[in-house]
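The values are calculated or read from the model by the stated rules, or taken from the named source; none is laboratory data. What you see is a predicted model; the values in this text were computed from it and never measured. Glycine also receives a Cβ, built like all others from the backbone with ideal geometry; neighbour counts cover every protein chain displayed. What goes into the accessible areas is simple: the full protein's heavy atoms, side chains included, and nothing from ligands, DNA or RNA. Shrake-Rupley method; radii C 1.70, N 1.55, O 1.52, S 1.80 Å.
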Amino acid sequence: MQAQDKPADEANTAPDPVAEVAAEIADTIAAAESAPVADSAPTLEEALRAAELKAAEHHDAWLRAKAETENVRRRAQEDIAKAAKFATERFARDLLAVKDSLELALASDTLTVDSLRSGTEVTLKQLTAAFEKAALTEINPLGEKFDPHRHQAISVIESPQEPNTVVTVLQKGYLLADRVLRPAMVVVAKATA
């Protein structure tokens, strides 16, 4: 029995790990309760003041961004208005040479058929050059298939040509940058009966 008593005695004298941890926790709690409050933690008033300052900064930044957005919108509207107002400026400048040529022809005292013809040819070349610069191209669909998007059929006649083909162009059409400015007025062939 003495052998059994010895382990029981050793169990009583051995340190208990649970008790040691409990004692350490109790010491930590007691130290925390007795320690003075640290000055590093902000008071409620200081935290509120800091939040108000940050809110004021964000509000100021928002007002500046809003003003900048309004300025950009206003400038864009002004640019659009100017673009619409002066969109034809380059084309109009090119047409001035055509007008000058016509006025010179009319101001001449010695008009002959040949001089009038050559002046008209030069004026037509100036006008054609102005059209090309402005991306204005003519539609002359003689012999082509009828296209209702680019042509306006004035009449339909029997013709030996293939049906639905332009037989006669009464008035040329014009495209402005691939948009129909004026459709060509045409006569279209129909099948012979």
Under the Karplus relation 6.51 cos²θ - 1.76 cosθ + 1.60, θ = phi - 60°, what is the ordered set of whole-Hz ³J(HN,Hα) values for segment 75-85, x standing for Gly and Pro? 5, 5, 5, 5, 5, 5, 5, 5, 4, 5, 5
Using a cut-off of 15 Å between beta-carbons, work out the net charge of the residues near VAL166 (Lys and Arg +1, Asp and Glu -1, VAL166 not included). -1
Which values of log₁₀ I(q)/I(0), to two decimal places, follow from the Debye formula for the chain at q = 0.14, 0.15 Å⁻¹ with a uniform point scatterer at every Cα? -1.06, -1.11
Amide H neighbours of GLU144 at under 5 Å, excluding residues fewer than 5 places away on the same chain, with H built from the backbone geometry, are VAL166
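Among the GluC sites (Glu not before Pro) within segment 101-193, which fall in a DSSP loop and have no more than 16 other Cβ atoms within 10 Å of their own Cβ?
GLU144
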Distant-in-sequence amide H partners of LYS190 (H built 1.01 Å from N, under 5 Å): ILE157, GLU158, SER159, ASN164
Would you rank ILE139, ILE29, ILE80, ILE157 by solvent-accessible area, highest first, keeping every protein chain in place and using a 1.4 Å probe? ILE80, ILE29, ILE157, ILE139
Got a sec to turn the phi values of segment 93-106 into Karplus ³J(HN,Hα) couplings, 6.51 cos²θ - 1.76 cosθ + 1.60 with θ = phi - 60°, whole Hz, x for Gly and Pro? 4, 5, 6, 4, 5, 5, 4, 4, 5, 5, 5, 5, 5, 6
In whole Hz and in residue order, list the ³J(HN,Hα) couplings for segment 134-143 that follow from phi through the Karplus curve 6.51 cos²θ - 1.76 cosθ + 1.60, θ = phi - 60°; x for Gly and Pro. 8, 6, 9, 10, 8, 10, 10, x, 4, x
Assuming 0.36 nm per residue, please report the length gained on full extension of the stretch HIS59 to LEU175 beyond their Cα-Cα distance. 36.4 nm
Straight-distance crosslink candidates among lysines, where the alpha carbon sits under 24 Å from LYS99 and sequence neighbours closer than 8 are dropped: LYS85, LYS125, LYS133, LYS172
What chymotrypsin sites (Phe, Trp or Tyr not before Pro) in segment 75-136 are in a loop by DSSP, with at most 12 other Cβ atoms within 10 Å of the Cβ? PHE86
Which cross-chain or sequence-distant (5 or more) residues have an amide H under 5 Å from the amide H of LEU181, H modelled 1.01 Å from N in plane? TYR174, LEU175, LEU176
